Structure formats: C-alpha cells, structure tokens
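Below you'll find the structure, written out as structure tokens, and then a few comments.
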C-alpha cells in the first residue's frame, strides 16, 4: 500500500515503518538512492514530519553487499524534507 494512503487512514500521532523492498539492495548504489528517495518522498508528501521510520519491507539476506546496506542508510540520513 502506498504510504500516503496508509498515513491518511491512521489517526495520528502514530508511527509507521518499512516499505523499501529488500531486493532493491541488490541494485546499483544509484538505484538504491533513487528508490530510497521515492520511498521517503511518499512518506513525507505533506512536507511535514510524520513519525515515519525508514526501514526495509522485510528482512535482509546474508547475500546483500554490506556496502549497499550502507548506501540505503546514508540515503535516509541525507534526505531533507
């Protein structure tokens, strides 16, 4: 479900987490950054902090390059509302 639709259904203040497909971490660093930005743009579509916790949609496998996990984390930290 699109995060903005889910957030509208929730009575705030509440937090929601997740939503990036872990398979994204098998992509290039640029793809990881792009997909993370799209996820965060959706979470913060109103331009306000929403209590969103950026995370993967489910677990990470042992085959993911740790450098790619770091790209995801850095992209979250670098995101500006």
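Pairs are defined by a Cβ separation below 9 Å, a sequence spacing of at least 6 or placement on different chains, a first member in segment 61-81 that is without any contact (Cβ under 8 Å) to a residue 40 or more places away in the chain, and a second member that is in a loop (DSSP other than H, G, I, E, B); the pairs so defined are 81/44; 81/47; 81/48; 81/49. Taken together, the residues in segment 25-49 that are touching a helix residue (DSSP H, G or I) at 6+ places or on another chain (Cβ under 6 Å) and under 25 Å from residue 9 (Cβ atoms) amount to 5. Using beta carbons and a limit of 9 Å, which pairs, at least six apart or on different chains, have the first residue in segment 42-57 and on the phi > 0 side of the Ramachandran plot and surrounded by 12 or more Cβ atoms within 10 Å (Cβ to Cβ) and the second one modelled with pLDDT under 80 and part of a loop (DSSP other than H, G, I, E, B)? Taking only residues 6 or more apart or on different chains, the pairs are 51/12; 51/13; 51/14; 51/15. Scanning segment 62-73 for residues that are out of contact with any helix residue (DSSP H, G or I) (no Cβ under 7 Å at 6 or more places or on another chain) and more than 22 Å from residue 16 (Cβ to Cβ) returns 62, 63, 65, 66, 67, 70.
Each residue in segment 7-56 was checked for being assigned to a helix (DSSP H, G or I) and modelled with pLDDT of 85 or more, and 20 pass.
The values are calculated or read from the model by the stated rules, or taken from the named source; none is laboratory data. Computed from a prediction, not measured in an experiment: that's the story for all the values here. Cβ: placed from backbone, ideal geometry, glycine included. Neighbour counts: every protein chain shown.
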